[in-house]
Structures are given as structure tokens and as C-alpha cells.
Amino acid sequence: MQTIIPTERLEQGRKVADTCVHFGFCTSVCPTYVLDHEENDSPRGRIALIKDMLAEGGKPPAATVLHVDRCLSCLSCATTCAAGVDYRSLIDTAREYIEQSGVRPLSERLKRKALSYIMTHPRLLSVATRAAHVAGGAAARLPGTLGTLARLSNARAVGAFAARGLGPDEGIRAGSLNAGKVTLLDGCVQSALGREINDAARRLLGRMGIEVVDSGLAGRCCGALDLHLGHRGAAQRHAARLVDTWHTLLEQGEIEAIVVTTSGCGSVIRHYSELFQDDPPRRERAARVEQACVDITQFLNARAQDLPLTSPIPARVAYHDSCSLKHGQKITREPRAVLGRAGFVVADIAENHLCCGSAGTYNILQPEIAARLGQRKAGNIEAVRPDIIAAGNMGCLVQISLYTDIPVAHTVQLLDWAAGGPPPRGMESFTPAAQPADEHAEDPLHNGAASAVPETSDLLW
Ligand code: SF4
Ligand code: SF4
């Protein structure tokens, strides 16, 4: 078997695997291990399998492929590991190795290619989603990937993001955009299924006087989906376009930050330079882009005093930490702080370190494990009796909405609502008087005293 992974990167992978000291602190926070207590479905077990695969070369054993495929890339293990094992780069290398080994049957390879193609082309994804809506329950009863895709396409959350009459410029005064310039990542899947999320971000930023510069990348994929499928070359091709365009805008002073509302994408963009290890000039440009990339809640929290929160809303919000925000970017305080400032009562969820099962294409490729994680997450959310569920990643909201009837919204949609924007679907008749007492009234993380919450120390733009 001949792979085209450079020898240095294979060696780097072996070195990363060697840093694991096998104590297994990570096992108790790994969603797949928590479900079944199978050592090979723990981080420690996977690291051992990957280490053998990279050392021995040749076609990987079926067991290695199975257990690597079952990994969510949630990085909960990396957050916990005291030895600092770079699990992110290791699992990416393992996935790439497996893809290049030719070990998958042709049908499986074609399915993965088709999935990545459809999901990274917003028009195609819109058509596929609409077709699934028309087919309704019949398509959802199909076995395998098609049925899973249909169930996800019919998820309540997909409809919940639909536009409701307010455009992205609503409420922005002409000539008032003089407080800064940023660009927003549209994303591929979000462009097809959740346009309303960035509309809310545009309204909010505009009311703060921030101009959102069009970088001409509408609907362009950041490469995250392909990277997690082991298609590194395709991921690089997607990412290269974004890196070069944004780098030019940054160098010309046209933008000061790249604001992201899809944490799955943000987590990958903030490690873009690793993707271009073998291309030094672009790696340098990617490093500049990484520094300028911020999650929307980081950006808003750093300018909390300028938030135009004209109508604070005391709704009870179960805030779900998406793995790509909590583990991938270490952002946990800012979303809670800005929601609190907007009057929301933020309820923390038990087991908030565990993935909901969305994880890019995971809920399509591993539907059985994803369903168990989704049900577990929904149960933990319902236990805190929220009015609404918020998260910083659309994929999580779609996944969670399959297992609960509680309304869902992106964090920025809630903030836009508190700034005069439309209520998220399911909250149109919300009345504050109906709310239970705030049990966290003394807690600055929960009651809106955002100024008491320290700013993130790693804001780099
Ligand atoms: S906590 Fe880190 S060093 Fe320990 S077993 Fe897990 S990955 Fe290895
Ligand atoms: S990335 Fe998540 S699923 Fe994969 S080994 Fe780590 S904790 Fe487990």
C-alpha cells in the first residue's frame, strides 16, 4: 500500500501517540467509552490502535478502522489529558491514513465522497433537503444513510432557522457603520439550512455600528467536513481559497476580524496553519487568518458595553456547549456572559462535556451511537426545564431537536431577539410573567452580570 502522507507527518503522528502515558484520565470523559465501556472506544485505546497502525504500515486492521470511525473528534479527551497529547492532529492523521489505504469498500468510499460533495454545495443540499421534506415520513423510514439523511432534513430545527420577515439590514441606520469592519463566514451547510443565523448576526453587528464586509465567499466550505472525513487534500483546497481571500482583506486593512457563527468551522479555521504544514507561504498566511478568527460570542463579549440590548428577555435558556466551542476553542464563558447580559437565565446542563452526537457527518455515518448520545443530551436538557435551548453550532441544534420538543436557537438569534429582532420559532408567545424564579440570582455567570465575568485572555485580533 502506498500512501501519499509525507513521512515527516507519519513520524509526527507516531511521536504524538508516544506521548500518551496510558493512565486513562480521558476515558471517563469520552462519550463512546461512557456509553459502552469498551477500551478500544476510549481515547487511550484508540491511541494504541493508531500507534500500531502508523508503526506497522500497510492496510489497517478492520478493528482499527471501526474504532477510529466511532470517534466523534469531540476533543473532550484533549481537554482532560494532563500529558497534553495532541489528539486533534493524531485523529486527523489516522483518518487520512485510513482513507488513503484503500481499505474501505468502493461503495463506502463513494458514499463518503457523495456526502462531502452534497454537504459542501449549498444549492444541492437545499434541493436534497426539500426533496426529503416532500417525501416526509416515507423517506425517514428508509434504512441506512438515506433514511438518516431524511430524518435530519426533517428535523424541527431545520425549519426553525427559516427567515421570518426581517432582513439582515433591519434596524441599521444609514451611515452609522463606523465602529469597525469585519467579515462573517457564511459556511456551506449553514448557508443552505440556517441563513437566519447570520442574518441575526448582521443585524446585531450593524446596530453596534460594525460593518460586515462581503468577502465574496458566500456558501464556500471552510474544509472542516472533508478534514473530518480524512479527505485532507479536499480540505486544503477549500481552505486555500478562504485563507488567501481573508489574508488579502486583513493586509489591506479592509477587515479587522473574521467572525464565525458555526463553531465547527471556527475550530478548524483556528488551526488552519496545521493544514498547510507542507506549504510554508500559505502556512504563514493561514497563521494570520487564525489570529483574526473569532467566535461571534467572543467578539460580542469583548464589546459587551456596545450591545444594543433594548429588550432584555428573562427566558430560561439551556446552553449547550458544542464540543468545537468548548473543547476545540476553549470558549465557555463568553456565550453565558452575553446571554446573561441580555437578561436570559442560563441553566447549565449535566454532562455538558459530552457530545450530542452531531459531530459533522457523524450522525449520518454512525447513526446508532449518535442517537444514543442525542437522547442522553436531550434528557439532561429537559431535566433543567428550559424555555429554549441555545448553542453556537447549527449541527448540534439540528441533532438535539430530533430528541426533544423544546425550541432551539443559535446564541446570536437570542441576542438579536433581545435587541429588537424576531423571536426564535416556538417563542413567539413567550411571556416573562410565566417564568419560574431565577435560582442562580447570585451567580454572575447566570444572571446577566456579564461585567463580573472576566474577558477571555486569548483574544488576539
Ligand atoms: S489522559 Fe492523555 S496521556 Fe492519559 S491515557 Fe488519556 S490520552 Fe493518554
Ligand atoms: S475525540 Fe471524543 S470520541 Fe474521540 S476519543 Fe476523544 S473523547 Fe473519545
Excluding residues fewer than 8 positions from K326 in its own chain, the lysines with Cα under 17 Å of it are K377
Treating only the Cβ atoms of Lys and Arg (+1) and Asp and Glu (-1) as charged, compute the dipole magnitude of the stretch 28-90 about its Cα centre; round to the nearest 20 debye.
160 debye
So if I place +1 on the C-beta of Lys and Arg and -1 on the C-beta of Asp and Glu, and nothing else carries charge, what would the dipole magnitude of the chain be about its Cα centre? I want it in debye, nearest 20.
1120 debye
So, with points 7 Å from each Cα along the Cβ direction, the L106-Q305 label distance in nm works out to 6.6 nm
Viscosity 1.306 mPa s, 10 °C: Kirkwood-radius Stokes-Einstein D of the stretch 1-154 over Cα pairs, µm²/s
92 µm²/s
Under a straight-distance cross-link criterion of Cα-Cα below 14 Å, which aspartates and glutamates are reachable from K330, leaving out those fewer than 8 residues away in the same chain?
D295, D321, E455, D458
Simple Cβ-charge dipole of the stretch 343-427, Lys/Arg +1 and Asp/Glu -1, about Cα centre, in debye nearest 20
100 debye
Would you work out which of P423, L373, L307 lies farthest towards the positive end of the dipole of the stretch 307-452, given +1 charges on the beta-carbon of Lys and Arg and -1 on that of Asp and Glu, about the Cα centre?
L373
Per-residue ³J(HN,Hα) for the stretch 398-415, Karplus 6.51 cos²θ - 1.76 cosθ + 1.60, θ = phi - 60°, Hz, x for Gly and Pro:
5, 4, 5, 5, 6, 10, 8, 9, 5, x, 10, 7, 6, 3, 5, 5, 5, 5
Under Stokes-Einstein, the chain at 10 °C and 1.306 mPa s, with its Kirkwood radius over C-alpha pairs, diffuses with a coefficient in µm²/s of 70 µm²/s
Compare the peptides 322-329, 9-16 by average per-residue count of other Cβ atoms within 10 angstrom and give them in order, highest first.
322-329, 9-16
Quickly rank 125-133, 103-111, 260-268 as a protection proxy: mean count of other C-beta atoms within 10 Å, highest first.
260-268, 125-133, 103-111
Considering amide H positions built from the backbone, and no H for Pro or chain starts, which residues 5 or more places from I388, or on another chain, come under 5 Å of its amide H?
R316, A318
Could you go through the stretch 79-85 in sequence order and give the Karplus-derived ³J(HN,Hα) for each residue, using 6.51 cos²θ - 1.76 cosθ + 1.60 with θ = phi - 60°, rounded to whole Hz, and x for Gly and Pro?
5, 8, 5, 6, 7, x, 4
Tell me which of I50, L66, A82 sits at the most positive position along the dipole axis of the stretch 7-101, charges placed on C-beta atoms (Lys, Arg +1; Asp, Glu -1).
A82
What does the extension gain come out to for R237 and A114, with contour length at 0.36 nm per residue minus their alpha carbon separation?
42.6 nm
Ranked output for segments 269-275, 379-385, 337-343 by mean other Cβ atoms within 10 Å, highest leading, reads 337-343, 269-275, 379-385
Let me have the relative contact order for the stretch 7-101, percent, based on Cα pairs under 8 Å that are six or more residues apart.
36 percent
Once phi is turned into θ = phi - 60°, what whole-Hz ³J(HN,Hα) does the Karplus curve with 6.51, -1.76 and 1.60 give for every residue of the stretch 266-280, x standing for Gly and Pro?
x, 4, 7, 4, 6, 10, 4, 5, 5, 6, 10, 3, 8, 9, x
Mean separation of Cα pairs under 8 Å and 6+ residues apart, divided by the residue count of the chain: what relative contact order is that in percent?
15 percent
Kindly point out, ordered by number, any Cys in the chain whose beta-carbon has no other cysteine beta-carbon under 4.7 Å away.
C20, C30, C71, C81, C293, C356, C396
Dipole of the stretch 307-452, positive direction: furthest Cα of I406, A359, H320, with charges on the beta-carbon
A359
Mind checking which lysines have their Cα closer than 22 Å to the Cα of K59? Skip sequence neighbours fewer than 8 apart in that chain.
K15, K51, K111, K113
Once amide H atoms are placed 1.01 Å from N in the peptide plane, what residues at a sequence separation of 5 or more from A257, or on another chain, have their amide H within under 5 Å of its amide H?
T183
Given contacts defined as C-alpha pairs under 8 Å and at least six residues apart, what's the relative contact order of the stretch 307-452, whole-number percent?
34 percent
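Bear in mind that the values in this text are calculations on the coordinates, not laboratory data. Since this is a predicted model, take the numbers as computed values, not measurements. Because the Cβ atoms are built from the backbone with ideal geometry, glycine has one as well, and the counts that use them run over all protein chains shown.
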